[in-house]
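> Supplied in structure tokens, the structure appears directly below.
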Amino acid sequence: MNEQFSDFSAASAEVSGARPLEAVGKLMGNGNPVVAHKFGADPYALVYGGRVYLYNTNDVLEFDGEGEVKDNTYGNINKLSVISSDDLMNWTDHGVINVAGPEGAAKWATQSWAPAAAYKRIDGTDRFFLYFANNASGIGVLTSDSPIGPWVDPIGKPLISRDMPAAAGVTWLFDPAVLVDEDGAGYLYYGGGVPEGKHEMPNTARVIKLGDDMVSVVGEAATIPAPFMFEDAGINKAGGVYYFTYCSNFYDGARPEGSPPAGEIAYMTSESPMGPWTYRGSILKNPGHFFGVGGNNHHAIFQFHDAWYIAYHAQTLSKAMGVPKGYRSTHLNKVHFAEDGAITEIGANLQGVEMIKPFDPFALADAATMAWSAGVDTQPAAAEDKRLAPTKLAVSGIHDGDWTAVAQVDFGAGASTVSAWVASEEPGSAIELRLDALDGRLIGVLDVPKTGGLQQWQEVKTATNGAEGIHDLYFIFRGERERELFRFKAWQFSR
């Protein structure tokens, strides 16, 4: 490992360059959408090892022959994405999961939509299970020893396919949700769609018990009589009660009093994971009500520490980009239960949820961990240093004035130096470190040397001045070339 060290004096440093880019979609201080450098739809949450992992349908911009963004067709999506956080504000990008198609784990599948994830201890080892929809024609499953993969297809075929009794009467065979109960039994929830003339009671939602291996099914599927069912199964257990949640359909005719309005998240309860179910009401209005841009509604409810949250998607990022054409982003807000167990109505907003703990800058941090950002992308990074082995992605697509930021970094009594791992084809770039704002106090400048290529990593190091207490930390990227300046893989402060 090569190391480059430079002395730094904040009083004398002069750094010039383009004005930092303005944030788009996720503004400084807000928690929603959870990330701004990529989309992510149909969120599903897995809590493991003190972190929340969010699995998403990997929405990516599609373009027409003129180079203009066109409506999302969903037909090309064969990857899922995963991000994670231990504080609900700073999110680490773990990249994409190649699920379907010739390069995917499940080569029999053509698409991967709406993931669901769970883990179960089997033979003394935690095993992870990722369920996904192959468009609306079947549900597959992948397995791993880690929540971030690598993933394999354990059965080489759909877990639930059209030719199985479990698919009978299901219009859309998709949108799985999974529950592992206290006794270790697993249950899979899925389905959707509206048969002609059956808007009020489509009867297209299903639940089936999973085998002990979580990659097989046992017995017959049971129908969940969800009023005005459309899609988006969700399942939770709280206070001994099972909560089935779903998105209502968009029927524009009259609805009986007490029915869920169009495109809202509604819920039912039961004393058993297989039912019978009692309808309880609607808890989250359509995204259009909150953000001025509608579309489908998709969610997942989860408990993290002592609080409950809902992850859902909305087109806030694509709207801010001027292309609200079906490209969705994940958001978080709090969920509250009344004394009688009822879920109170949820308010969606851009503020998001409170950060639950400060960020530790003295532990090695992935550069692809961000609260806010502008102009950047992420790409897989090769790790040559054993300390960097957990790092899977690097910040890429860096140009002058791009930046990333980490919220509420706790420097304690102070930091004396900072290291960063960078890769560059040419010398002459730099990283400014500022506190609390893009034009905040400058506490250090890291010079980025020529390392030999964008996958040739080198540690650079500088003294810092004024890094103490709790602050938002901004990394502002500087350089004179028009092409990509460098890549940024990890960073760490020292006392």
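The values are calculated or read from the model by the stated rules, or taken from the named source; none is laboratory data. The model shown is predicted, which means the values in this text are computed figures rather than measured ones. Cβ placement follows ideal geometry from the backbone for every residue including glycine, while neighbour counts extend to all protein chains displayed. What goes into the accessible areas is simple: the full protein's heavy atoms, side chains included, and nothing from ligands, DNA or RNA. Shrake-Rupley method; radii C 1.70, N 1.55, O 1.52, S 1.80 Å.
> Can you give the helix-only mean residue ellipticity at 222 nm for the chain, where every DSSP H stretch with n ≥ 4 adds -39500 (n - 2.57) and the sum goes over all residues, rounded to the nearest 500 deg cm²/dmol?
On the way: 2 runs with 10 residues, N = 495.
Helix-only estimate at 222 nm: -500 deg cm²/dmol.
> Another question, then. Ser416 to Thr73: extension gain in nm, 0.36 nm per residue of separation minus the Cα-Cα distance?
Details: separation 343, 0.36 × 343 = 123.48 nm, distance 5.08 nm.
Gain on stretching Ser416 to Thr73: 118.4 nm.
> Further question on the same structure: Report Ser161's accessible area, 1.4 Å probe, all protein chains in place, as a number in Å² to the nearest 10.
20
> How large is the accessible surface per residue of the stretch 365-494, computed with a 1.4 Å probe and reported in Å² as a whole number? It would help to have the intermediate numbers written out before the result.
On the way: 4380 Å² over 130 residues.
I get 34 Å² per residue for this part.
> Report the accessible area of Val96, computed with a 1.4 Å probe over the heavy atoms of all protein chains in place, in Å² rounded to the nearest 10.
The accessible area comes out at roughly 70 Å².
> May I ask you to list the residues of the stretch 433-468 whose amide nitrogen lies under 18 Å from a point 7 Å from Cα along the Cα→beta-carbon direction of Glu480?
Answer for the stretch 433-468: 446-451.
> For the stretch 41-344, what is the accessible area per residue in Å² when the probe is 1.4 Å?
Heavy-atom accessible area per residue stands at 38 Å².
> Right, next: Checking the table Lys237/Lys392; Lys209/Lys237; Lys285/Lys334; Lys319/Lys357; Lys392/Lys450 against a 25 Å threshold on Cα-Cα, which pairs fail? Walk me through the intermediate numbers first.
Numbers: Lys237/Lys392 33 Å; Lys209/Lys237 16 Å; Lys285/Lys334 14 Å; Lys319/Lys357 30 Å; Lys392/Lys450 22 Å.
With Cα atoms farther than 25 Å apart: Lys237/Lys392; Lys319/Lys357.
> Also: How many nm separate the modelled label positions at Lys237 and Ala18, each set 7 Å beyond the Cα in the direction of the Cβ?
5.3
> With a/c under 1.5 counting as rounded, go ahead and sort the chain into rounded, prolate or oblate using the C-alpha gyration tensor (a ≥ b ≥ c being the square roots of the eigenvalues; past the cut-off, prolate if a/b is larger than b/c, else oblate).
Prolate shape, in that a/c is at least 1.5 and a/b is the bigger ratio.
> If ligands, DNA and RNA are left out, what is the accessible area of Val353 with a 1.4 Å probe, given in Å² to the nearest 10?
Rounded to the nearest 10, the figure is 10 Å².
> With +1 on each Lys and Arg Cβ and -1 on each Asp and Glu Cβ, and nothing else charged, work out how big the dipole of the chain is about its Cα centre, in Debye to the nearest 20. Write out the running numbers ahead of the final one.
Numbers: 37 positive and 60 negative charges, 74 e Å.
The calculation lands at about 360 debye.
> For the stretch 365-494, what is the charge dipole size about the Cα centre, in debye to the nearest 20, if Lys and Arg each add +1 at the Cβ and Asp and Glu each add -1 at the Cβ? Could the numbers behind the result be given before it?
Working: 12 positive and 19 negative charges, 68 e Å.
The calculation lands at about 320 debye.
> Would you work out what percent of the accessible area of the stretch 41-344, with all protein chains in place, is carbon or sulfur (probe 1.4 Å)?
Values: 5710 of 11620 Å².
The nonpolar share, carbon plus sulfur, comes to 49 percent.
> How big is the gap, in Å, between the Cα center of the stretch 220-253 and the Cα center of the stretch 156-191?
Using only Cα atoms, the two centres lie 14 Å from each other.
> Also, quick follow-up: Would you list the P(r) distribution for the stretch 365-494, with all Cα-Cα distances sorted into 5 Å bins from 0 and each bin expressed as a whole %?
2, 12, 23, 26, 21, 12, 4, 0
> Note down the magnitude of the dipole of the stretch 132-216 about its Cα centre, charges +1 on Lys and Arg C-beta and -1 on Asp and Glu C-beta and zero elsewhere, to the nearest 20 debye. Could you put the intermediate results ahead of the total?
On the way: 5 positive and 11 negative charges, 75 e Å.
Computed about the Cα centre, the dipole is about 360 debye.
> I'd like the distance between the alpha-carbon centres of the stretch 260-305 and the stretch 31-72, rounded to an integer number of Å.
A separation of 20 Å, based on Cα centres.
> Something else: With a cut-off of at most 13 other beta carbons within 10 Å, and DSSP calling the residue loop, which GluC sites (Glu not before Pro) in the stretch 435-481 qualify? Please list them. It would help to have the intermediate numbers written out before the result.
On the way: sites: Glu459, Glu468, Glu480; in loops: Glu468, Glu480.
Taking the stretch 435-481 and a limit of 13 other Cβ atoms within 10 Å, the loop GluC sites (Glu not before Pro) found are Glu480.
> Looking at the stretch 104-203, which GluC sites (Glu not before Pro) are DSSP coil and have at most 14 other C-beta atoms within 10 Å of their C-beta? Working shown, then result.
Numbers: sites: Glu182, Glu196, Glu200; in loops: Glu182, Glu196, Glu200.
Listed in order of number, the matching sites are Glu182, Glu196.
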